[in-house]
Amino acid sequence: MLELVLTLPILLILLLAIVEFYLLYANLQRLEAASRAGALVASRIDLPATGAPPEVVIAAVDRQLETLNLPGRRIILVHNSVGPMTQLNAGASYPAPTELLDLLPTSRPCVRVAIQTPMTGLTPNLLKTFGMDITGRIVSQTTTHRLNTAPISLP
């Protein structure tokens, strides 16, 4: 009986950790798919030099994320199609990911789309009681595509 009392809390922590990290990694794939969809659409259209990302890019990202019910997401679109590197933002305000600040390739025009969201939007905060609090942590996924002006049929 004593063994059960000693091992049950450890097994509970292990079970909660497995569930939390499984949900996080499963939903990270959806976040990556959203950044890829946004970058693909952005690589096929004319991009503005200022303002927010075009509505078709935002719609492509939101279509991938629609079942996650995220508390707040940020879309950052960086491109060099009209000269120097230009950054367009939509959504919540979080610190920009470090890989986004790297320069785009200069051999040809490129577009980079980054999606940011709070980690608590992707997985429940199950381990908070045990000292691993994910509140305030931001998750981001970034995709870079070459700019391609071939026509695309948007849904």
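The numbers here are math on the coordinates, done by the rules we state, and not lab data. Being a predicted model, the structure only gives us computed values, none of them experimental. Don't worry about glycine lacking a Cβ; one is built from the backbone with ideal geometry, like all the others, and counts go over all protein chains shown.
A few remarks follow.
- Using R0 = 35 Å, the C-beta based FRET efficiency linking residue 96 and residue 130 works out to 0.65.
- Segment 22-61 and segment 65-135: distance between their alpha carbon centers, rounded to Å: 10 Å
- As computed over the chain, the Cα convex hull volume per residue (Å³): 122 Å³
- Mean Cβ neighbour count within 10 Å, used as a protection proxy, ranking 86-95, 33-42 highest first: 33-42, 86-95
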